[in-house]
Amino acid sequence: MVGWALMHRYVARRLLGLVPLLFGISVVVFGLVHTAPGGPTAVYALGPDFTAQQQAEIERSLGLDRPLPVQYLAWVGGVLSGSWGTSYKDGRDVRVVILERIPATLTLMGTAYALSLLIAVPVGVFTATRPRSVARYVVNVLTLLGISVPTFWTGLLALMVFSAWLGLLPSGGMYTIGAPFSLLDRLRYLVMPALVLAFVNLAMWARYIHSSLIEVLQEDYIRTARAKGLASRVVVFRHALSNTLLVIVTLLGLSLPGLFSGALVTEAIFSWPGNGRLIIESLLGRNYPVLIADFMVLAVLAVLGNLAADVAYALVDPRIRVEARG
Amino acid sequence: MMRLSTLLAIGIAIVATAASGFAQPTPGSETPHRGGQVVIGSIQEPNVLNPLLTNLTVSQEAFNLVLDALTKIDDKGNVIPFLARELPAVSADGKTYTYRLRRDVRWHDGRPFTSADVVFTHEAMMDPKNRVIGRPAGFLNVASVRAPDAHTVVFNLKEPEAPWIYTWNGLGILPKHVLEGRDLNTARWNTAPTVGLGPFKLVEWVSGSHILVSRNPDYYLGSPNVAAIVYRIIPDANALLAAMEKGDIDMRYAITAEQVPGLDRNPGWKIWRTPSYSIFHFTINNSHPIMSDRRVRQALTHALDKKGIAQTVLRGLVEPAWTPITSPSWAHDPAVPKFEYDPAKARQLLDEAGWRLNPATGVREKDGQRLAFSIVNIAGDVERLQIVQIAQRQWREVGAAVDISPVDVGTFVTLMRGGDFAIGYGFWGAGPDPDTMLFIWWHSKGNNWLRLRLPQLDALIDEARVIQDQRKRRDLYHRAQKLIAQEATNIFLYERVFFDGTKTRVNGFRPVAGGGVNTWNAHEWWVGR
């Protein structure tokens, strides 16, 4: 195929473009994080024995008394030599601090995305093919709810009903503490946060799939297919739905950073030890090394996600071809 | 319509549930049951379990389970020996403290605990390379430390200091054989103190989730009753409440006033009320152009309805306060001058001070300057904001133009230290000895956020600090409190009260006097079957 050589060059060019982009992002992130008021020792400052002098000594020891550009260059130097620094909170290697949160976050977000997709596709198809049915309005209302109701509300409601009142599911956490590993146990802890998150995504995704399918269903070739006397099921699933793949691919590509960043609110409500909570805690505690490293990782993933979606377009849709320039 | 049979079935179910409720054996039998676990629910997660590198209460709660201290404070406020065999012997001049250590104590790895560990902990505390946060002020008064034998430690002080006995109180001892020669700032032990001296041993700390400890059968005060303790992190206050309702949590410390009434009605929970040594108050910059006039400070006190705030915002759970030495302390003076709520008196005092009301604006003026200032408040806490808003309204009513400036903790502390404020709202914490509160916050050599110039007060605090006789000290502290109240150096609002909750099946819980680190006697806890 002619496309492959072009594709390689295209990907290489995009990857090369990553370097200045990430450099720019790092400057912005570093600057923003450091200009936020307060500092990493502020959480201790209300302790009566913690003096201004002690605080100044600690800040000097962390190198925070140097001018910002100097600190930035020191940070870049560290990263280029493979060191992301140590967490101000507990002195551990930043890579360990972030990596230990990734499995929890991937499990939760992966499940939530998979559930969303599994439900959003049939729902989108259903509503697009039955534009005037009652069921469609019901689904519409539900998806609107999913988009507009915040997760801290649905999450707490789920927690109160299924955990506190009915006692069916655990009140947060990832597994029964102290018990040996059991898949069933993990699922019991996973189901509520995953569904609460899926509800939001699924609502959004179902709407995208719905409108994309509506558009496709009005195309000439669909009318032709129908005119040939093909069954409606075949028309929708074989001819129309494959064209909405583009939408799904886009959604998945854009979701890549979300898989790792986790869900800030949902993780807090279900005391899920994921990366979202690490980001919030690092933000509140002004834990600069963790915060900056985490943001950089997410930036890379966002860029890669977009790239992957672009590449997948070309693979999925024969009408789209990448060009080496332009 | 519901069928009769269904209704009957529901009725039977209700009766059955009620009956089984009555059939439950009542907990609280005398012999402690051994086994089971206690789950402590916490909103905040500890940062490290190294006592030198933290001053967070949550960290202290957790490290108290796995580490141990020379002495601790009990629920009555007494200092009691733990790793020390008895309370330290104090020399006649008050400058030498000698601790004799227990000989039957071993680290969790089996190595004996000796005086070398205490000396090592002292040296680590004073080492400028270490990013020490939790250093009690008493360490700065130590001239020398020596260990004449493996079970004796002698501290020589620069100056006599009666409250010095609290310096090592509740301070976890570090294992010299694990930490010597390592960088204390990044040591693995800080987050994985598997070698400790405490009644429990660390099993795991899963960041963001929980800390799990299991009992140390060789604990020198006897093997603890409960088999394991889980310190569970639930960062959302409402989610934590749901977990408590479900029955997944056995203990929760420092419950907010908002959640106390609901839990108090819950028969499964017991709420413990512990008055503390800390005080909520308005910090006044006594050198501020407006606030330097004592009559203005007294007028603002008269204008504030402390009782009303206690009854509404704080749901009647606290009492108004008039002095910084709170009621649980032996030095508390209930007879200080009180400028009770009286807006008319407040207006009169402001008139006397030369602040005349401008009827056009409703704001008082003096020499062309308006009686205008702002209250600095740490943002993010609803209760605090409500209190500050009430003060704003009540001070406006007597002719002051008041606004609120919300800041983060770091900015708050910077403003207070720099004296760049008129009034700030917050609480000051202190230890059980009245000296900690008065020296740190009122002495000109302390933190001095108040910007005071009261040599008479300095002299009283200095004198009371060096004598050991508690009756004489009390007289001096009473005089100091009367002076503080008369000068209206601050506007005291209420004594901080801790509300801790335990499930009724938990026994042996005794909240520490003054509130705070409640895990001090975790080896005595036990759970009903």
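Things to note:
- Region A:216-246-region B:256-307 distance, computed between alpha-carbon centres (Å): 71 Å
- Within 10 Å of each Cβ in B:410-423, the average number of Cβ atoms from other chains: 3
- Carbon/sulfur fraction of accessible area - the protein assembly as shown, other protein chains in place, 1.4 Å, %: 59 percent
- Using a Förster distance of 41 Å, the FRET efficiency for residue A:148-residue B:366 (Cβ separation, nearest 0.05): 0.15
- Expressed as a fraction of 2.2 N^0.38 Å, the C-alpha radius of gyration for region B:275-497 is 0.99.
- Distance in nm between pseudo-label sites at residue B:486 and residue A:81 (7 Å out along the Cβ direction from Cα): 6.4 nm
- Per residue of A:167-178, other chain Cβ atoms within 10 Å of the residue Cβ number 6 on average.
- Working from Cα pairs under 8 Å separated by at least six residues, relative contact order for chain B is 21 percent.
- For the peptides A:179-186, A:103-110, B:182-189, the ranking by mean Cβ contacts within 10 Å, running from highest to lowest, is A:103-110, B:182-189, A:179-186.
- Positive contributions from Lys and Arg (+1) and negative ones from Asp and Glu (-1), summed over other residues with Cβ under 10 Å from the Cβ of residue B:208, come out at -2.
- Cleavage-rule hits (GluC sites (Glu not before Pro)) in region B:434-529: DSSP loop, at most 15 neighbouring Cβ within 10 angstrom: none
- Within region B:275-497, percent of DSSP bridges classed antiparallel, to nearest 5: 65 percent
- Candidate aspartates and glutamates for bridging to residue B:176, where Cα separation is under 18 Å - those fewer than 8 sequence places away on the same chain excluded: B:68, B:104, B:109, B:117, B:123, B:127, B:149
- Simple label model, 7 Å out from Cα along Cβ direction - residue B:149 to residue B:330, nm: 3.1 nm
- Taking max minus min of the alpha-carbon positions on each principal axis, chain A gives extents of 84, 60, 37 Å, largest first.
- Near residue B:304: Cβ cut-off under 14 Å, other residues only, Lys/Arg at +1 and Asp/Glu at -1. The net charge is +4.
- Contact order normalised by residue count of chain A, Cα under 8 Å, 6+ apart, percent: 29 percent
- Interface area, chains A and B: about 3700 Å² of buried accessible surface, summed, with a 1.4 Å probe and ligands, DNA and RNA left out.
- Beta bridges by DSSP in the protein assembly as shown, antiparallel share as percent, to the nearest 5: 75 percent
- Environment charge of residue B:473, counting only residues whose C-beta is closer than 10 Å and scoring Lys/Arg +1, Asp/Glu -1: -1
- Taken residue by residue and averaged, Cβ atoms of other chains lying within 10 Å of the Cβ of A:265-275 number 4.
- Once the 1.4 Å probe is applied to the protein heavy atoms, chain A comes out at 51 Å² accessible per residue.
- Taking every DSSP beta bridge that has both ends in chain B, the antiparallel portion is near 75%.
- The contact residues of region B:126-143, meaning those that lose at least 20 Å² of 1.4 Å-probe accessible area when all protein chains sit together rather than their chain alone, are B:131, B:132, B:133, B:135.
- Modelled spin-label separation between residue B:180 and residue B:119, with each label point placed 7 Å from Cα along the Cα-to-Cβ direction: 1.0 nm.
- Sites residue A:23 and residue A:211, calculated FRET efficiency, Cβ-Cβ separation with R0 41 Å, nearest 0.05: 0.60
- Hits among lysines - C-alpha to C-alpha of residue B:445 under 17 Å, sequence gap 8 or more where chains match: B:158
- Average accessible area per residue (Å²) across region B:275-497 - probe 1.4 Å, nucleic acids and ligands excluded: 41 Å²
- Highest mean packing first, where packing is the average number of other Cβ atoms within 10 Å per residue, the peptides B:149-157, A:202-210 line up as A:202-210, B:149-157.
- Burial order of peptide ranges B:404-414, A:236-246, A:189-199 (average beta-carbon count within 10 Å, highest first): A:189-199, B:404-414, A:236-246
- For GluC sites (Glu not before Pro), the sites in region B:77-166 that DSSP calls loop and that have at most 15 other Cβ atoms within 10 Å are B:86.
- Between residue A:100 and residue B:103, the FRET efficiency estimated from the beta carbon spacing at R0 = 41 angstrom works out to 0.50.
The values are calculated or read from the model by the stated rules, or taken from the named source; none is laboratory data. These numbers come from a predicted model, not from an experiment. Virtual Cβ from ideal backbone geometry, glycine too; neighbours counted across all protein chains shown. Side chains included, ligands, DNA and RNA excluded: accessible areas come from the protein's heavy atoms. Shrake-Rupley method; radii C 1.70, N 1.55, O 1.52, S 1.80 Å.
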